[in-house]
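Worksheet for the structure shown next.
The values are calculated or read from the model by the stated rules, or taken from the named source; none is laboratory data. Predicted model only: the values in this text are computed from it and were never measured. Note that we place each Cβ from the backbone using ideal geometry, even for glycine, and neighbour counts take in every protein chain shown. Side chains included, ligands, DNA and RNA excluded: accessible areas come from the protein's heavy atoms. Shrake-Rupley method; radii C 1.70, N 1.55, O 1.52, S 1.80 Å.
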Amino acid sequence: MNSKNFLKSDLTPAIVVFLLSFFPPGFAADAPPREALALQLPAPTLKGTPEDLPKGPNIEPLSDKPRPPFLAPRGVTNVALGKPVTSSVQPFSGEPGQITDGKKEAFDYDAVEFKKGTQWVQIDLGDAYSIYAIALWHDHRYIQVMHDVIVQVSDDPDFKTNVQTLFNNDADNSSGLGVGADREYFETNQGKIIDGKGVKARYVRGYTRGGTSSALNCWQEIEVYALPIR
């Protein structure tokens, strides 16, 4: 039974208001319990940290502290593993399918490189899921910042309708998908976790427009943690 229905049927209005103040909006007694998302992290790069790291108000400072746990519903799995990948252009190094093969070490043969300019890669999950987290590794062979990182989901493979943007750090709209409010960040073995907020979608698309180490676009892995839609 929903907690709010129980309270309303058994308690006086004044007590209901008091007790509901302790529950977050949308709380339900049958909501799935959450736990820390357990990512399998690759080893850190052996190239070290460059001395001339980019700086600015739109860049998250590089931290040597562990990332705070990301809480996701119990039972989420990486539904992107082994799923087909398409891209805006063919890579000149590697194959698109490597982006969902589970291999994300800081090795040249685990990287998929595309030409410069704004490019995208897209995963077909095979079915619609409730997405709670998307983990990205673009290119942690080098400690660098990738530009115009945009992550969108949709139930349309052409991304013309029902498109939802989950992350966008394109501060000047140079990729033409709108001005983003998120900050740029450094590529490390920790990857980047994007909150999916339970959005329902079948297709996941990620954009980039080069980085501070190279104008080329590079991806190593995308993981999508989700639950089947009930």
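Below are the figures for this structure:
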| read-out | value |
| --- | --- |
| Extension gain from ALA181 to LYS55, taking 0.36 nm per residue of separation minus the Cα-Cα distance | 43.6 nm |
| Distance from region 45-96 to region 165-204 (C-alpha centre basis), Å | 11 |
| Whole-percent carbon and sulfur share, accessible surface of the chain, 1.4 Å | 54 |
| Rounded to whole Hz, the Karplus (6.51, -1.76, 1.60) HN-Hα couplings of region 220-226, x for glycine and proline | 10, 6, 10, 10, 10, 9, 8 |
| Amide N proximity, region 85-127 versus GLN40 label position 7 Å along Cα-to-Cβ, cut-off under 14 Å | 100-105 |
| For the chain, accessible area per residue (1.4 Å probe, heavy atoms of protein chains only), Å² | 54 |
| Region 146-198: translational diffusion in µm²/s, Stokes-Einstein, Kirkwood Rh over Cα pairs, 4 °C, 1.567 mPa s | 107 |
| Relative contact order (percent, whole number), the chain, Cα cutoff 8 Å, 6+ residue spacing | 26 |
| Computed lengthening from LYS200 to SER93, 0.36 nm per intervening residue step minus Cα-Cα distance | 35.3 nm |
| Region 95-230: C-alpha pair distances exceeding 27 Å, % | 14 |
| Net length gained if the chain between ILE229 and LEU62 were fully extended (0.36 nm per residue, minus Cα distance) | 56.5 nm |
| Gaussian network model of the chain, Cα within-10 Å springs - most flexible of SER63, SER87, SER175 | SER63 |
| Radius, Kirkwood style, for the chain when every pair of distinct Cα atoms is counted (Å) | 19.1 |
| Cα gyration tensor shape for region 118-158, rounded if a/c is under 1.5, else prolate or oblate | prolate |
| Scattering profile of region 25-134 at q = 0.15, 0.19, 0.23 Å⁻¹ [log10 I(q)/I(0), Debye over alpha-carbon scatterers] | -1.00, -1.29, -1.33 |
